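Enquirer: Have a look at this one before I ask anything.
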Amino acid sequence: MRRAVRLLCGVLFFCAVTARGQAQTPEELVERGLAAFTQLDFNAAAGLLRSAFAAGAAGILEPDEHAEALTMLGAAEVFRGNPNLARDAFRQLVLAFPFYEVDELVFPPEVTSLFARVKQSTPVVRLTAPPGEQVVAVGQNTYQVTVRANTNHEILAVVTRGDGRLVQTLFTGPVGDRMVLRWDGRDTTGALLRPGPYTVSVRSGLEAGAWERVAQLPLDVQVRLADTIPTPGAVPDSLLRPEIRGKRPAYEALGGGVLSGLAIVVIPSVVASGSELNGARFAVAGAVGIAGIVGYFKQRPGTPIPANVSYNQTVYAAWQDSIAVIQRLNATRQAVSELRIRAGPPTFAEIGRE
Amino acid sequence: MTMVRWWVIVLLLAVAVWSPVEAQSPSVSGAVQASLVSFKSTTTGTASMSGLGVGGFVRVVAGLAQLELHYEQAAMSGTDPKQDIVEGEVLLGIRFLPWLTVKVGPRIRANVTELGTERWVLWQGRIRTDTRLIGSTVRAHVEVWSILSGDVNLNDAFGQGQGLEGGLEVKLFGAFWGGLGYRFDRDVLGDGVRTDVTERLYLRFGMGGF
C-alpha cells in the first residue's frame, strides 16, 4: 500500500511538472533560454529559445528582446556546432532587424563573423516616408521616400497603381547606405495621375535574375487640378458671313436697276405729256438699268463671295489662335496642379512568401 | 399752307418717335455737282434755255432722320434777256425702311433777269427709294415728289407741280464717290396759264454717306 501511494505521488508530481512546462509563455521560455545561455548551457538555451519562437515569441517580444533572443539563439547554435541552424537564426535576425549589429565585445569572432557573412548575403531595405500629408506642386517639387539598405546591393524602385500597373520607375541600380527616391507625381508619359491608391515598391536581393524581397509603402494620392478654361467649340454661325450668294442681292439689283431706269424714263413723260423733253433721262435710265443687269450677273445666286470667304478664314484663324492660347494657358495651369499624398505603414516581405 | 403744315408735323413726330436716342450721333456727307440745265416755259413758246449749273448739297443724318440742304445756280442762254436760275432746297426726311425715305421741305427757285426776279417758293412732299446694284459699290436711287403748296411773286397763283430725280452713285476710293443723275421739275401756274419744265443731267463728286 505504501508503495502504491508513493507511485501515485510520483505520477502526480510528474504531471504537475509537465503541465507547468506546457503552460509556459513565450516570454518565460525566452527568459529561461537567456538564463541557460548565460550559464553556458547552450543545448538548453537553443531548445528553449527555439520553443519560444515556435510559440510566437516574435510577435510578442519587444524589439530589443526579440533581437537579443535571436542573437543568443544563433550564438548558441554556433557553440553547439550547428552552423546551418546558426545561419538560419541570424538570417531571421537580419530580416527582422536589418541594421542590427552583434556586439563584438560580448560575442567571440566565430559568432560575429558568421553574422557578418549572413548579413552580407541577406540584402534588405527599409522605406521611410515623410510624416503626415505631403503637398506636391507638380513641376515644382517632388515626393521623397528614403531608402535605407543594410548592405550595398542592387534595387529596383517603382510606383504602381492600386491594380498593380506600373506608373513610373523611380530608380534601378546599386544602393549603398541610404538614398532618396524622388517622384514628380506623373506617370512614364508625363501625364498627371488620377486620384487613388498607389504603392512605392523597392525590390532587393537579386538572385539569379529574380528579386527575393520587396519593401512597400502604400500611398493615398489626392489630385487637385488647377481650374482650366473650357476649350471653345466650333465657330458660332453668328460670327461667320455667308460664303455663297443668295438670291436676294441678284434679284434686288436686277429689279431695282430695271425699275429705277423705267421710272426715270416713264414718269417725266407721263407727268409732262405734251412737253418736249430732252434725251438725258434715257442716258441715265440706261446707265441705271445696265448697272442693275451687271449687278445681277456679278451677284448671281450660288456664286462664292470672295470677301466673305476671306473674312471667314480670318475668323477661323483667330478662333484657332484663341484655342491655342487657351490650351497653352490650361497647360500652364495644369502644371501647377497639386498632389496631396499620405503614406501608410511600410511593409516588407520575401517574394514568394508575400 | 395747311396741308404743308400737317406734312411737317407728321414728319417731325415720326422723326421723334422713330429715331432711337443712341443712334443720334450725326454723320455728314455732301457733294458738289455740275449740271447741264434745260429750261422750258410756255411763256417763251417752244424755245428752250440751256446752261451749265454748279452747286452741291450737304446731308446730315442722325439715326433715321436726315436734313438736306441743296443749292445750285445756272447761267442760262438761248433767250434775250439772259436769265440765271438759282435754286435752293431744305428737306427734312426720315428713313422708314432701309430703302425708303420720306422728305418734306421748301424749294425756292429764282429766275433772275435784267428786268426783275421771279421767286417761286414751293413746298414739296417727296418719296425716295434706294437700291444696291453691285454690292456696296454701286447703288441707284429714284426720288419723286409733288408740290403741296406754292407761292409765286407773279400775277397768277401757283397751280401744281411734280418732279423726279434718279441716278446712280459709284464708290470711287476711300470715302469718295461719284454720281450720274437726271432731275426733272414741272411747275404750273394757275390752271395751266404757264408751265415751266426744268431738266438737269448732272455729275456729282461726293464724300461720305456711302
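Only the coordinates and a few stated rules stand behind these numbers; no lab work does. This structure is a prediction, so every number in the text was calculated from the model and none was measured. Note that each Cβ is placed from the backbone with ideal geometry, even for glycine, and that neighbours are counted across all protein chains shown.
Enquirer: For the pair residue A:270 and residue B:205, how long in nm is the line joining their label points, each one 7 Å along Cα→Cβ?
Expert: 3.7 nm
Enquirer: Moving on. In debye to the nearest 20, how big a dipole does chain B give about its Cα centre with +1 on each Lys and Arg Cβ and -1 on each Asp and Glu Cβ? Don't skip to the answer; put the middle values down first.
Expert: Working: 19 positive and 20 negative charges, 125 e Å.
Computed charge dipole of chain B: roughly 600 debye.
Enquirer: What is the set of long-range amide H partners of residue A:167 at a cut-off below 5 Å, with H atoms built 1.01 Å from backbone N?
Expert: When sequence neighbours closer than 5 places are left aside, the close amide H contacts are A:159, A:160, A:161.
Enquirer: Ordered by residue, what ³J(HN,Hα) values in Hz, to whole numbers, does segment B:164-170 give under the Karplus form 6.51 cos²θ - 1.76 cosθ + 1.60, where θ = phi - 60° and Gly and Pro are x?
Expert: Taking θ as phi minus 60°, the curve returns 8, 9, x, x, 9, 10, 10 Hz for segment B:164-170.
Enquirer: Another question, if that's okay. Each label point is 7 Å from the Cα along the Cα-to-Cβ direction; what then is the distance between the points at residue B:58 and residue A:104, in nm?
Expert: Taking the two extended label points, one gets 11.4 nm.
Enquirer: Follow-up. Taking amide H positions as placed 1.01 Å from N in the peptide plane, with prolines and chain starts having none, which residues 5 or more places from residue B:30, or on another chain, fall under 5 Å of its amide H?
Expert: The answer is B:59, B:207.
Enquirer: I'd like to know which of A:231, A:205, A:191 lies farthest towards the positive end of the charge dipole of segment A:181-245, counting +1 on Cβ of Lys and Arg and -1 on Cβ of Asp and Glu.
Expert: A:231
Enquirer: Roughly how many debye, to the nearest 20, is the charge dipole of chain A about its Cα centre, given +1 on each Lys and Arg Cβ, -1 on each Asp and Glu Cβ, and no other charges? Intermediate results must be reported in sequence, preceding the final value.
Expert: On the way: 34 positive and 32 negative charges, 257 e Å.
That gives a dipole near 1240 debye.
Enquirer: Quick query: amide H of residue A:337 versus all other amide H atoms, modeled in the peptide plane; which residues come in under 5 Å with a sequence gap of 5 or more or a different chain?
Expert: Residues meeting the amide H criterion: A:138, A:226.
Enquirer: Now for a different question. To the nearest whole number, what is the average tally of beta carbon atoms from other chains within 10 Å of the beta carbons of peptide A:255-267?
Expert: Values: counts 1, 10, 7, 0, 4, 11, 4, 2, 7, 10, 2, 1, 7.
Across the residues of A:255-267, the mean count of other-chain Cβ atoms within 10 Å is 5.
Enquirer: So which residue, out of A:121, A:273, A:201, gets the largest mean-square fluctuation from a GNM of chain A using Cα contacts under 10 Å as springs?
Expert: The residue that fluctuates most here is A:273.
Enquirer: Put +1 on the Cβ of every Lys and Arg and -1 on every Asp and Glu Cβ in chain B; which of B:209, B:34, B:52 then has its Cα farthest towards the positive end of the dipole?
Expert: Result: B:209, furthest along the dipole toward the positive end.
Enquirer: Moving on. At R0 = 35 Å, how high is the FRET efficiency between residue B:96 and residue A:318 if r is their beta carbon distance? Nearest 0.05 is fine. Don't skip to the answer; put the middle values down first.
Expert: Values: r = 38 Å, r/R0 = 1.07.
The computed FRET efficiency comes out at 0.40.
Enquirer: Please report, in debye to the nearest 20, how large the charge dipole of segment A:237-335 is about its Cα centre when each Lys and Arg carries +1 at its beta carbon and each Asp and Glu carries -1 there. Kindly include the intermediate steps, with their values, before the conclusion.
Expert: On the way: 9 positive and 5 negative charges, 54 e Å.
It comes to approximately 260 debye.
Enquirer: Roughly speaking, what is the stretch gain from residue B:170 to residue B:137, that is 0.36 nm per residue apart minus the C-alpha to C-alpha distance, in nm to one decimal? Could the numbers behind the result be given before it?
Expert: Details: separation 33, 0.36 × 33 = 11.88 nm, distance 0.57 nm.
Once the chain is fully extended between residue B:170 and residue B:137, it gains 11.3 nm.
Enquirer: Further question on the same structure: With θ set to phi - 60° and the Karplus curve 6.51 cos²θ - 1.76 cosθ + 1.60, what are the ³J(HN,Hα) couplings of segment B:113-126 in order, to the nearest whole Hz, using x for Gly and Pro?
Expert: Values, residue by residue: 10, 5, 7, x, 10, 8, 10, 10, 10, 10, 8, 10, x, 10 Hz.
Enquirer: Continuing with the same structure: Report, ordered by chain and residue number, the aspartates and glutamates lying within cross-link reach of residue B:171, taken as a straight Cα distance under 18 Å and ignoring same-chain residues fewer than 8 apart.
Expert: Within reach: B:130.
Enquirer: Turning to a different aspect of this structure: Can you list the HN-Hα couplings for segment A:283-291, worked out from phi with the Karplus curve (6.51, -1.76, 1.60; θ = phi - 60°), rounded to whole Hz and with x for Gly and Pro?
Expert: 4, 5, 4, x, 4, 5, x, 5, 4
Enquirer: Given a Förster radius of 22 Å and the C-beta distance between residue A:163 and residue A:351 as r, what FRET efficiency does 1/(1 + (r/R0)^6) yield to the nearest 0.05? Kindly include the intermediate steps, with their values, before the conclusion.
Expert: Numbers: r = 19 Å, r/R0 = 0.86.
About 0.70, to the nearest 0.05.
Enquirer: Please report A:341, A:351 as a ranked list, fewest other C-beta atoms within 10 angstrom at the top and most at the bottom. Could you put the intermediate results ahead of the total?
Expert: Numbers: A:341 21, A:351 13.
Fewest-to-most Cβ neighbours within 10 Å comes out as A:351, A:341.
Enquirer: Of A:316, A:306, A:253, which is farthest on the positive side of the dipole of segment A:237-335, counting Cα position, with +1 on Lys and Arg Cβ, -1 on Asp and Glu Cβ, and the Cα centre as origin?
Expert: Farthest towards the positive pole: A:316.
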